[in-house]
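Read through the structure below, which is laid out as structure tokens, and then see the notes.
The values are calculated or read from the model by the stated rules, or taken from the named source; none is laboratory data. What you see is a predicted model; the values in this text were computed from it and never measured. Here the Cβ is made from the backbone with ideal geometry for all residues, glycine too, and neighbour counts use every protein chain on show. Just so you know, the surface numbers come from the protein's heavy atoms only, side chains and all, with ligands and any DNA or RNA stripped out. Shrake-Rupley method; radii C 1.70, N 1.55, O 1.52, S 1.80 Å.
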Amino acid sequence: MKRPSGASLRVTEATPADTRLLAIAAAQLKEFGPRHVTVVGIADAAGMTHANVYRYFASKAALIDAVAGQWLRRMEATIADIADSPDPADDKLERLIQAWARIHRDLLKEDRHLFDVYCTATETARPLIRKHRARMRLLIDRVLDEGITTAKFDPRDREKAHAFITDSVYRFINPLTVRLDAEVPQDILDQRLATMIRVVLRALANGSV
């Protein structure tokens, strides 16, 4: 099976103006929250008219989605690096899931406003979330297929195996459930995730899925 190129999962290059506007929007979003971010305020900080901002982004919502999309692509790039590493597939899958969960927790702690934007985009299944899910599926499939090829994994059904992986760790990789667990001590979450990863790896190795 031909694997998708890792290059297709990398961050797309932006123009200098795009990059500056996104940086300003990200900083204002983090400080003020989405309700209080305005195109006029971003334009003032960038030293341009608000009409000029609309040359790059159709609306405030599009700009905020672009900030969230930029964060999602950085996460995808981190996960792609793990998927592309030379480690055995079972080790890669473990590290991939751990990184996926950690990145979510870090965003929740470091930028609650952006995390809330991410949650809203997830609830409404906006295009950036659908694209993100498709990219993450490719990365998981890449590791799963490698594990099958190298006999690390022996699933009875590839599609069911993929669903089993994501269903088993859903609580740790979906922003809505991550937010619900915000007050749960980190060591307890780590223990629960480690348990689920062991279950996943065992099931993939012994062909029980």
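Only Lys, Arg, Asp and Glu carry charge here, each on its Cβ (+1 for the first two, -1 for the last two); on that basis the chain has a dipole of about 460 debye about its Cα centre.
Treating the beta-carbon of each Lys and Arg as +1 and of each Asp and Glu as -1, no other charges, what is the dipole magnitude of the stretch 122-164 about its Cα centre, to the nearest 20 debye?
Computed charge dipole of the stretch 122-164: roughly 260 debye.
Considering Cα pairs under 8 angstrom that are at least six residues apart, work out the relative contact order of the stretch 119-203 and quote it in whole percent.
In percent, rounded to a whole number, it is 26.
In the stretch 99-195, which GluC sites (Glu not before Pro) are in a loop and have at most 16 other Cβ atoms within 10 Å, using DSSP for the loop call?
Taking the stretch 99-195 and a limit of 16 other Cβ atoms within 10 Å, the loop GluC sites (Glu not before Pro) found are GLU183.
Identify, among LEU180, VAL199, THR149, the residue whose Cα sits farthest towards the positive end of the charge dipole of the stretch 122-203, taking +1 on the Cβ of Lys and Arg and -1 on the Cβ of Asp and Glu, with the dipole about the Cα centre. Final value for the positive-end residue is THR149. Computed on protein heavy atoms with a 1.4 Å probe, the accessible areas place TYR118, TYR54 in the order TYR54, TYR118, largest first. Between VAL199 and ASN52, residue separation times 0.36 nm minus the direct Cα-Cα distance comes to 47.7 nm.
Between ASP167 and GLU31, the simple label model (points 7 Å from Cα in the Cβ direction) yields a spacing of 4.7 nm. Surface listing: ASP167, ASP111 arranged by accessible area from highest to lowest gives ASP167, ASP111, probe 1.4 Å. Eigenvalues of the alpha-carbon gyration tensor of the stretch 24-112, scaled by 5 and square-rooted, set the equivalent ellipsoid semi-axes at 35, 14, 8 angstrom, largest first. Ranking ARG142, ARG171, ARG74 from most to least accessible surface, computed with a 1.4 Å probe over the protein chains only, gives ARG74, ARG171, ARG142.
Where (1) 9, 36, 38, 16, 1; (2) 8, 31, 32, 19, 9, 2, 0; (3) 7, 28, 27, 22, 13, 2, 0 are the candidate values, the label of the one calculated here for P(r) over Cα pairs in 10 Å bins from 0, in percent is (2).
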